[in-house]
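> Structure in structure tokens, see below.
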Amino acid sequence: MKNKKILILSFTAATLCCMISLSMLTAFKVAAGNKHVNFDKILGADISFLPQLEASGRKFYDKGIEKDLIQILKEHGFNYVRLRLFNNPAADSGYSKKGFCDLENTKKMALRVKAAGMGFLLDFHYSDNWADPGKQHKPHAWKNADYQQLQDSLKAFTANTLLALKAQGTLPDMVQVGNEINHGMLWPDGKSKNMDTLAAFFKAGIAGVKSVDKSIKIMLHIASGGQNGESRYFVDHMLKRGVKFDIIGESYYPEWHHTPDSLKRNLTDLSARYKQAVIVAEYTRHKQEVNDIAFSLPGNKLKGSFIWEPINTGEPIFDKKGNTIDSLINLYPAINKKYQILQ
């Protein structure tokens, strides 16, 4: 019995020592995690559906070996992850009664992204559900807010989200203040016909970001990949109103935004016309062509792309059983090598 007690005490001491070491390691990781990555070229993926798929039992495999999805992406040349965030997705008419893509789920995903050493783009939808050119509904909690209250809410929600991420050492490296907002956000107040109001909303979101960390890059995200006139119109109106941002992000879907040649003409013009960097923030098809365009723009600005939900939508790079589709996923190591993308 005495020997057993000694064994238990030894085990307890060893366990405590291990716990202290793990605690110190976690603290180190948290402190290090808020240091931003500075990739000059981005090969990214929006994988916001991942927690939902994993909760349903979905697993992922590369050459028959089960691996974490983020690890698979990194091993195939990706260096950045994009995550969307809704205000309250569990609200009535929200995105998910289970709360997927809320702050808590985003915090868990952000830990995984940072642990993999990848860049992190946070996509604020400023809605309880999808926000895109066809719908930009206010969050239910802001439904009756007036003009000033909406600005205050935008700034506070943005800042509080980032403070929660900062507390665990996972600040994003880049933030989208709104998703595909060329037709506005927080309708009807912020419709694009009300450019002064829309610019004020965008500034409020930016102020929320900068109140937490001035070094986070700001993306203006619009859905006009092959439409140069519309792109220039929107960017010019934001710049005219003193909106300050670092990156023009364009969605590109050929069914709405025409051919890859249209994308190339538009992005080339935007890159030459404005001081901001230009990247493809969403795409699914024409994978090789889109990336050749994105990484061949003139000048020494940030370049890159984010494939949208390659897990299970558009033209996925995984099959329905979670296996990599070699003919598609193997494009990315070649793109990484061709354009010397750091990881």
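Quick note: the coordinates plus some simple rules give every number you see, no bench work behind them. Owing to the predicted nature of the structure, the values given are computational and were not obtained by experimental measurement. Backbone-built Cβ (ideal geometry, glycine too); neighbour counts: all protein chains shown.
> Give me the number: length gained by fully extending residue 75 to residue 331, i.e. 0.36 nm times residue separation minus the C-alpha to C-alpha distance, one decimal in nm. Can you show the working numbers first?
Values: separation 256, 0.36 × 256 = 92.16 nm, distance 1.23 nm.
The residue 75-residue 331 span can extend by a further 90.9 nm.
> Follow-up question, since we're still on this one. Just order 280-292, 319-331, 155-167 by mean Cβ neighbour count inside 10 Å, highest at the front, would you?
Values: 280-292: 20.5, 319-331: 14.2, 155-167: 18.2.
Most protected by this proxy first, the peptides run 280-292, 155-167, 319-331.
> On to the next question. Would you mind checking which residues have amide H under 5 Å from residue 221's amide H? H placed 1.01 Å from N; only 5 or more apart, or other chain.
Close amide H contacts, sequence-distant or interchain: 177, 180, 181, 249.
> Here's another thing I want to ask about it. What does DSSP give for segment 37-338 in terms of the percent of beta bridges that are antiparallel, rounded to the nearest 5?
Working: 5 of 41 bridges.
DSSP beta bridges in segment 37-338 are roughly 10 percent antiparallel.
> Once the dipole of the chain is set up with Lys and Arg at +1 and Asp and Glu at -1 on Cβ about the Cα centre, which of 297, 78, 150 lies farthest towards its positive end?
Of the candidates, 78 comes out farthest on the positive side.
> I would also like to ask the following. In nm, to one decimal, how far is the modelled label at residue 65 from the one at residue 240, with both set 7 Å along Cα→Cβ?
That separation, rounded to one decimal, is 5.7 nm.
> Under a cut-off of 13 Å between alpha-carbon atoms, report the aspartates and glutamates in cross-link reach of residue 143, not counting same-chain residues fewer than 8 places apart.
List returned: 92, 128, 189.
> Within the chain, which DSSP H helices have Cα atoms that stretch 20 Å or more along the helix axis and a mean Kyte-Doolittle hydropathy of at least 0.5?
Details: long enough: 2-33 (46 Å, 1.13); 147-167 (30 Å, 0.01); 195-212 (26 Å, 0.99).
Helices meeting the criterion: 2-33, 195-212.
> So, one more: So if I place +1 on the C-beta of Lys and Arg and -1 on the C-beta of Asp and Glu, and nothing else carries charge, what would the dipole magnitude of segment 37-338 be about its Cα centre? I want it in debye, nearest 20. Show your work: numbers first, answer last.
On the way: 41 positive and 34 negative charges, 119 e Å.
About 580 debye.
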